[in-house]
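To start, the structure under review is shown below, and the notes come after it.
The values are calculated or read from the model by the stated rules, or taken from the named source; none is laboratory data. Since the model is a prediction, treat every value here as computed from it, not as a measurement. Every residue, glycine as well, gets a Cβ built from its backbone with ideal geometry; the counts of neighbours run over all protein chains shown. Accessible surface is based on the protein model in full, side chains and every heavy atom, while ligands, DNA and RNA are left aside. Shrake-Rupley method; radii C 1.70, N 1.55, O 1.52, S 1.80 Å.
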Number of protein chains: 2
Amino acid sequence: MDNRIKVLRAERDWSQQTLADKLGVSRQAVNAVERGKHDPSLQLAFDIASQFNLRIEEVFFPITKSATEDKASA
Amino acid sequence: MDNRIKVLRAERDWSQQTLADKLGVSRQAVNAVERGKHDPSLQLAFDIASQFNLRIEEVFFPITKSATEDKASA
DNA sequence: ACAATATGTAAGGTGTGTTTTACATATTGT
DNA sequence: ACAATATGTAAAACACACCTTACATATTGT
């Protein structure tokens, strides 16, 4: 999952540790999500977006099938 | 995690199985998410919102700390 | 009455998100 | 030179999302 966390942190001059503390998760968790090593839980995604005062869709970018595509019939 | 999946399905007259097929997951996965038994992965949350042509925030409702609240200093 | 569909639920297994601990490197300030 | 901070990374353990299989109940159509 692609995301803009690194840039959003930089804009606010937050370290990974700073963000981790705000979120109540480990620095490694922030690092892994930021680098796309794995996806955050939905709850953590909400929390991250909230810290940046953005919506989830403004922070995270899945490899997006079009909204109308139907996996079953595609 | 609270959500509006049941209503959104009803508006479209989709069964849990129908939605599951569209998402490429099991009916039980849809049932569990819909009933709040557990949260979907972020990817699945994106896919669900996409099927309803809505944003994640219009489908899922976390127990929301205010956007400006800081867990570390609250 | 019977078959088919829709939903809820449970058990057991696999994959992965998150944790703690730990080490390495680069950068900055003194 | 030294200390402190920021970042990347790894291993081992735990929690849980999601799977398959299976059964129960209710509703609908014939």
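Assorted remarks:
- Backbone amide hydrogens, once placed in the peptide plane, bring B:Phe61 within less than 5 Å of B:Asp2, B:Asn3, excluding anything fewer than 5 places away on its chain.
- When only the Cβ of Lys, Arg, Asp and Glu is charged (+1, +1, -1, -1), the dipole of the protein assembly as shown relative to its Cα centre reaches about 260 debye.
- Only Cα pairs under 8 Å and 6+ residues apart enter the sum, and on that basis the relative contact order of chain A stands at 38 percent.
- Shape call, the protein assembly as shown: gyration tensor on alpha carbons, a/c limit 1.5: prolate
- Entry note, chain B: the mean residue ellipticity at 222 nm calculated from DSSP H runs of n ≥ 4, each adding -39500 (n - 2.57), is -13500 deg cm²/dmol after division by the residues and rounding to the nearest 500.
- Magnitude of the charge dipole, the stretch B:2-60, Cβ model with Lys/Arg +1 and Asp/Glu -1, debye to 20: 160
- Tensor-based shape of the stretch B:1-49 (alpha-carbon gyration tensor, a/c under 1.5 rounded, otherwise prolate or oblate): rounded
- Exercise: per-residue mean of other protein chain Cβ atoms within 10 Å, B:16-25: 2
- Neighbouring partner chain Cβ atoms per residue of B:46-52, average, 10 Å criterion: 5
- Computed with a 1.4 Å probe over protein heavy atoms only, the accessible surface of the protein assembly as shown comes to 55 Å² per residue.
- Note on the protein assembly as shown: Lys pairs 8 or more places apart or on different chains, Cα atoms under 17 Å apart, count 8.
- Per residue of peptide B:36-42, the mean number of Cβ atoms on other chains within 10 Å of the residue Cβ is 4.
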